[in-house]
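Step one of this worksheet: look at the structure below.
The values are calculated or read from the model by the stated rules, or taken from the named source; none is laboratory data. Here the structure is a predicted model, which means the values were calculated and not measured. Here the Cβ positions follow ideal geometry from the backbone for every residue, glycine too, while neighbour counts run over all protein chains shown. Calculation scope for accessible area: heavy atoms of the full protein, side chains included, ligands and nucleic acids excluded. Shrake-Rupley method; radii C 1.70, N 1.55, O 1.52, S 1.80 Å.
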Amino acid sequence: MASDEQPIVDWVNFPQNIPTISLWDALHDGDLLAIESDLLACTVTLRFDVPYVRDFHHLPEQTQFVIVVNGVRSVRSFVSVPWPGGYTIRQGMPRAQQEAAIAEYQRKCREESQSWADFERLISDGLEVSNAMLGRGSDVVALRLGLLVGGDSYVDAYIRGEGITFYIGEKQVTPEEFVALGEAYWEAFASRRKTD
């Protein structure tokens, strides 16, 4: 399920011209609960709670959506210094309009680098997934997360490594299976809206 979206240009962490898959359907509006960096093992583990996807599939309440990047070679994060005008996401706003509003806001913000340790500390402020993209090449994976911090600022995080593993709870799944759980929810959501 390669994306038709424009490639993300990131000179260090997100190589150009590698196939991408959007993780938006599975993670959008979910909470990033934990970031576990193990320098010795060269891994970064990300634990998410996505209540609407979990509830739609009748998964146990403690079920987390977990991504483990292996052979980590690079981590980087940027905080966006807010543009005074902000942006608005209204209840029921179509996905394309949400993405356009966020993209316009991001275009007007100024990006500032921050340490990975500072990024990990943002967990205490609450991190909500706005965007998520996976790039996969023959010998590289790259993960980009766009996160709302405490509901009023934005941070981009990039992780580049050699491999990636996905879990729903304790069950290992493929990236496509991971995304398919979210797609099923959004398809049902769209069908309900059409009948209402």
By per-residue mean of other Cβ atoms within 10 Å, what is the highest-first order of 161-172, 66-77? 66-77, 161-172
Descending packing, highest mean Cβ count within 10 Å first, for 181-191, 24-34 is 24-34, 181-191
Along the dipole axis of region 67-191 (charges at Cβ: +1 for Lys and Arg, -1 for Asp and Glu; origin at the Cα centre), the most positive-end residue among Gly161, Phe78, Met133 is Phe78
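Quick check: at a probe of 1.4 Å, how many percent of the accessible area of region 97-165 sits on carbon and sulfur atoms?
Its accessible area is 41 percent carbon and sulfur atoms.
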Amide H contacts under 5 Å for Leu33, placed H, 5+ residues apart: Arg47, Phe48, Asp49
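Would you mind working out the accessible area per residue for region 38-196, using a 1.4 Å probe, and quoting it in Å²?
Per residue, region 38-196 has 53 Å² of solvent-accessible surface.
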